[in-house]
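**Q** The structure follows.
Values in this text are rule-based calculations from the coordinates and carry no lab data. Remember, it's a predicted structure, so these values are computed and weren't measured experimentally. Backbone-built Cβ (ideal geometry, glycine too); neighbour counts: all protein chains shown.
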């Protein structure tokens, strides 16, 4: 039993809050990696200046795949073939997930508005879809059809007419059939075999395909730093780091549920983080025990153990209100509330990507199915970034149509302000329109 | 007359569209300047690692002002004094402008929503203000009270509880009284004497003040590249370059109005751009003449001449529909439509920061007064960036609360999708909750 406790404690640290250890754990880690950034910059510059040959050379070097002009873009035949390869039951599940995602994002749509006023003035805001967006979907050994749906469906609902997908090919040039089928179901218009920083460069600078206006979707550190570098040439959704969960639980929560949710988070990646914040020391002990028990029955054990050791923590607080304070400071990507009456804490939980309330909303419900987006801000960036949403794929344009009556009424104020800022030609453009004798003026 | 024509043609080039010259003019210029970026990176790194002494040292070096802990933050007394210094009529004009800006941005507010479904499931989206934002206001010789209003009022309307302003001091540490009064009127909570890349670093990394979540507002190339570098540590509004206008006008437009609006744009900066797109060669000729005439009566003539020569153009098209096509390709910050029935083109004008319709909506109406924001995307980025708006200062959080009934219904699909992606611990977190015998499970 002493041994087991040691083993548990080595696996997941327990801190009191407030404490120096808790502070150190909550301190933000930066995303910057100068070494990676420099390599990414070189990839982007070469793809931008040397074009398609550089893009294909990097694909061969990093993905081991020989891509040519012929197989760069995925053909309609390849997509039809993918439909033959997928399990029909999984396809049906994907379609039901897609419908949920579509419905949740449709609720976010807002109309443009133009408001006429009594004197003939009209002001307003046009809210319209971007024209061409690129979604990045990780590839390699795994298949992420859910990421395809989560990126492409909101773009489609927003009305983006050209949705382009980039995903790295396998060594034989293949792309996972579930990824292709998900793209077709979601309404992706063009799919390209490319990944990494070179794909981001190609999308942003229009190499091998017309440039896009925005790039969304998560990737590894190379993809993320490439997105930062092309930011401004195109827009991006966010800079995402490793995935994370923070669970707030009280003494009545199921320790098995908390443990299972920890493990579902840390199986992603050795850099994934899982944090339990609870006023119950008894729950903390039970969760640690349950983690060890459940982990023994699951694959990916080394990944989970290392992630828990490096980025796992249990923080003991004096109350659930303090737990909300810790959650706000951490600003987690995923926040589960496993307490009696979880809704009562919603107003106190100000900083999170997505909040999962109650025992039947474990994170995979959101990852795959419920409808809200699983592309979420990480590493504390939920303080300022939002989940991928309809606004991600829209842009706004202001409309100003002043009537002559309103103009004449406003002109003295505008003149005073322009003169205060020392902008005489601004004042002149106003004064000119007040002068009835000016040549070419209109009634 | 031949001489005058030469003079006019040297001042503003005229192109046919389509043509190679027009293509070259429409080609985007990048923002990157590796040399400036490297210097900005050094400033940020030193402020981040060395803290307040480095911040004050840069302020002395770049602004010539000695700032100490005592006068770093602008005092309530200094603001009260500024109220004594400003012209009461200008203050009244500022207040009327502020009210217009407030009203326009209030119309953009959206509520959070939580939608209960029949089986007890609740999904929704919380839309809430950022906690702490930093607005950057250029300083130096000029005063930009309008920029203060345009940044701070939307943040205030959004409900941001902590609005921080940074503006570079004069050599004697002073800040223009109109800037201070505008900040007080708009509801800015804290004002700091700092500018340039060092101010961006201090806001992002919390040097001399608590870090902010987002930095908005235009600045010079140092400020812009600093914003790009801290992007991800905090959010930013956009990366803005030189200001620009594109005017679509037909043969009935006033050449004097077009000329005045060209000049009001190019007085800002030698890098400012002004473009007329028209099917009327007669209007083009008249505008060129009017520019020369009006310019002779205005100050800042060297700035205007150089900007017109470098970045001015008249593009002759075959129709107003083609003019819209050119405007969409340019994606201008400011787009004026000086035609008969300008509203008919609104649906064709897809890419612009703000659209000004008709003869009584010259750009200064929007710069100062009408209500829509004057912080607008430049350099073609209106394809993906929006004017500063309420959403700029809000973040979203998804809410997922599945009922047991919905969970049981959805579980087979979620299990199928998790297994397809090879994420066994995800599947385990679902399966565990289906098992009624699992220890600690809830009804």
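**Q** Using a basic spin-label model with each label point 7 Å from the Cα along Cα→Cβ, how many nm lie between residue B:75 and residue A:39?
**A** 5.5 nm
**Q** For chain A, what does -39500 (n - 2.57) per DSSP helix run (n ≥ 4), summed and divided by total residues, give at 222 nm, in deg cm²/dmol to the nearest 500?
**A** Taking each H run of at least 4 residues, the total per residue is -14000 deg cm²/dmol.
**Q** Continuing with the same structure: Sort B:263-270, B:339-346 by the packing proxy (mean of other Cβ within 10 Å over each peptide's residues), most packed first.
**A** The densest-packed peptide leads the list: B:263-270, B:339-346.
**Q** For peptide B:227-238, how many partner chain Cβ atoms fall within 10 Å of a residue's Cβ, on average?
**A** Partner Cβ neighbours, averaged per residue: 5.
**Q** OK, next. Going 7 Å from Cα along the Cα-Cβ axis for the label, what nanometre distances separate residue B:310 from the same residue across the other copies?
**A** List, nearest first: 4.8 nm.
**Q** Relative to the longest principal Cα axis of chain A, at what angle does helix A:404-420 sit, 0 to 90 degrees, rounded to 10?
**A** Once rounded, one gets 70 degrees.
**Q** So, in nm, how far is label residue A:189 from label residue B:118 when the simple model puts each one 7 Å beyond its Cα toward the Cβ?
**A** 3.8 nm
**Q** Now for a separate question. What angle, in degrees between 0 and 90 and rounded to the nearest 10, separates the Cα long axis of helix B:301-311 from the longest principal axis of the Cα atoms of chain B?
**A** That helix lies at roughly 60 degrees to the long axis.
**Q** Does a label point 7 Å from the Cα of residue B:340, set along Cα-to-beta-carbon, have any residues of the stretch B:266-299 with amide nitrogen under 15 Å, and which are they?
**A** Backbone N within reach: B:279-280.
**Q** Here's another thing I want to ask about it. Please compute the average number of Cβ atoms from other chains found within 10 Å of each residue's Cβ in peptide A:251-264.
**A** 5
**Q** By average Cβ neighbour count within 10 Å, what is the ranking of A:55-65, A:73-83, B:291-301 from highest down?
**A** A:55-65, B:291-301, A:73-83
**Q** A further question on this structure: In percent, what relative contact order does the stretch B:362-414 have, based on Cα pairs under 8 Å that are 6 or more apart in sequence? Please list the in-between numbers first.
**A** Details: 20 pairs, mean separation 10.2, N = 53.
Contact order relative to length: 19 percent.
**Q** Below 8 Å between Cα atoms, with a sequence gap of 6+, how large is the relative contact order for the stretch A:34-236 in percent?
**A** Relative contact order for the stretch A:34-236 comes out at 28 percent.
**Q** Taking the alpha-carbon centroid of each part, what is the distance from the stretch A:398-426 to the stretch B:365-425 in angstrom?
**A** Measuring centre to centre over Cα atoms gives 37 Å.
**Q** Nearest 10 degrees, 0 to 90: what angle lies between the long axis of helix A:76-85 and the longest principal axis of chain A (Cα atoms)?
**A** 30 degrees
**Q** With contacts defined as alpha carbon pairs under 8 Å and 6 or more residues apart, what's the relative contact order of the stretch A:140-280 in percent? Each step should come with its number before you reach the end.
**A** Numbers: 194 pairs, mean separation 24.1, N = 141.
Dividing the mean separation by the residue count of the stretch A:140-280 yields 17 percent.
**Q** Just check chain A against the gyration tensor rule for me: Cα atoms, a ≥ b ≥ c as the square roots of the eigenvalues, rounded for a/c under 1.5, and otherwise prolate or oblate depending on whether a/b exceeds b/c.
**A** oblate
**Q** 7 Å along Cα→Cβ for the label point: how many nanometres lie between residue A:81 and each equivalent label in the other copies, listed shortest first?
**A** Copy-to-copy label distances at residue A:81, shortest first: 7.7 nm.
**Q** With the crude spin-label approximation of a point 7 Å out along Cα→Cβ, what separation in nm comes out for residue A:174 versus residue B:107?
**A** 5.6 nm
**Q** Follow-up. Taking the label point as lying 7 angstrom from Cα along the Cα-to-Cβ axis, what are the distances from residue A:408 to the corresponding position in the remaining copies, in ascending order and in nanometres?
**A** When each copy's label point is compared with this one, the spacings are 7.4 nm.
**Q** Sticking with this structure for a sec: If a/c stays under 1.5 just call it rounded; otherwise compare a/b with b/c (prolate if a/b is bigger, oblate if not). Do that for the protein assembly as shown, with a ≥ b ≥ c from the square roots of the Cα gyration tensor eigenvalues.
**A** In terms of gyration-tensor shape, prolate.
**Q** What whole number of Å gives the distance from the Cα centroid of the stretch A:159-191 to the Cα centroid of the stretch B:41-104?
**A** Here the answer is 50 Å between Cα centres.
**Q** Full extension from residue A:61 to residue A:221: what is 0.36 nm times the residue separation minus their Cα-Cα distance, to one decimal in nm?
**A** Gain in length upon complete extension: 55.9 nm.
**Q** Is there a simple number for the mean count of other chain Cβ atoms within 10 Å of the Cβ of residues in A:121-131, and what is it? Present the calculation step by step, with values, prior to reporting the outcome.
**A** On the way: counts 5, 4, 9, 5, 11, 8, 4, 3, 1, 4, 5.
For peptide A:121-131, the averaged partner shielding equals 5.
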